[in-house]
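The values are calculated or read from the model by the stated rules, or taken from the named source; none is laboratory data. Nothing here was measured: the structure is a model prediction, and the numbers come from that model. Methodologically, a virtual Cβ is constructed for each residue, glycine included, from the backbone with ideal geometry; neighbour enumeration extends over all protein chains shown. Surface areas here come from the heavy atoms of the whole protein model, side chains and all, with no ligands, DNA or RNA. Shrake-Rupley method; radii C 1.70, N 1.55, O 1.52, S 1.80 Å.
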Amino acid sequence: MLSTDPEGVTRFRARRRRIAEGDPEPLLGDLRHLSTEVRRSIVQMIDRAQLGHIGGDLSVTDILVTLFGGVLDVDPENPRKPDRDRFILSKGHCAAALYATLAHSGFFPTRELDTFMAPLSPLNGHPNRRKVPGVETNTGPLGHGFPVGVGCALAAKLSGASYRTFVVLGDGELQEGSNWEAAMTAAHYSLGSLTTIVDRNRLQQGDRTEETKRLEPLADKWASFGWEVRDVDGHDHAHLLSALRPSTTGKPVAVVAHTIKGKGVSFIEDRVEWHHKVPDAVQVHAALEELSR
Ligand SMILES: Cc1ncc(C[n+]2csc(CCOP(=O)(O)OP(=O)(O)O)c2C)c(N)n1
């Protein structure tokens, strides 16, 4: 198991203090800075490994950063504390974004990111709860993480625990039927402590979601399944912070976060071939330069 990074923990705690003090502007500046750091790490990790899912990683970055930087009740020094909020990255192919967010939040040293997908590294292509602190459950097969999240929320309700559960789903992932069984179950049991965030970048592997199997009207679908729905810009940290507040109706909350696949690197943005493509040396240089502006 990887160990905590003291400097990262100090930065994490400073951000949390700002939230407690209720001063949003410095916090938003912190979150924007953190997103840039995470995006730069993602590009470097995929360059070193010559593998990864760069489009979906850059798409989900601001969602993960807002969760770990401003919402989740978690402690990098005690990642398994019993009353922690549960977080599941159901679109587990975007492990690089999760690892970079965890490392920049102090769960383990950022230098470990250099080992992404190397032989014997704990940082596998899909997240593993036995190897990486902060990973709640193993994910990768699409459609599996969300049902586990429903189980976590149901367990909280049955045991009277106060933690919240958050699940991030890909929009292409929603084509797995297990998600809609999970959605019905959560609504049936009124799991108001459960929040799903759909990374609505409108692309999946190989094509646009609407060409593969139409998802619209997506917000209406969640509402008709019995969820409280919030539609937001998935790259705006302030919008995300507001959308991630607790349920007001007792229903589970679905956040449809509108994003751009490849966000932050212009030649990767909204292009289907960058689901799984690896940038060459010139492209890595250009990407890092764009991300340092
Ligand atoms: C059950 C299953 N089938 C196929 C795959 C291969 N796969 C990995 S990512 C992906 C596309 C996912 O699209 P989306 O959820 O929209 O993710 P994003 O575009 O945000 O990367 C597919 C088909 C998988 N991981 N699991």
Fill in the blank from the handout: Residue hits (region 222-250; under 13 Å from Leu194 (Cβ atoms) and not β-branched (Val, Ile, Thr)) are Trp222, Phe225, Gly226, Trp227, Glu228, Leu244, Pro246, Ser247, Gly250
Practice task
May I ask you to say which residue of Ser35, Ser105 is in contact with a Pro (Cβ under 8 Å, 6 or more places away or on another chain) and buried (at least 19 other Cβ atoms within 10 Å of the Cβ)?
Solution key: Ser105
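Rundown of residues vs (1) more than 16 Å from the ligand (Cβ to nearest atom); (2) crowded, with 17+ Cβ neighbours inside 10 Å, yes/no style:
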| site | (1), (2) |
| --- | --- |
| Trp227 | yes, yes |
| His237 | yes, yes |
| Arg245 | yes, no |
| Thr248 | yes, no |
| Ala254 | no, yes |
| Lys261 | no, yes |
| Phe267 | yes, no |
Completion exercise
Within region 34-70, residues more than 13 Å from Gly264 (Cα to Cα) and either part of a loop (DSSP other than H, G, I, E, B) or over 16 Å from the mean Cα position of the chain (by Cα) (or both) come out as Gln44, Met45, Ile46, Asp47, Arg48, Ala49, Gln50, Leu51, Gly52, His53
Handout entry: Residue pairs meeting the criteria (Cβ under 8 Å; at least 6 apart or on separate chains; first more than 15 Å from Glu273 (Cα to Cα), in region 198-213; second open to solvent by 90 Å² or more (accessible area, probe 1.4 Å) and near the ligand (Cβ under 9 Å from one of its atoms))
Key = Glu210/Arg202
Handout entry: Test: Glu181 is under 30 Å from Ser159 (Cα atoms), open to solvent by 50 Å² or more (accessible area, probe 1.4 Å) and within 16 Å of the ligand (Cβ to nearest atom)
Key = yes
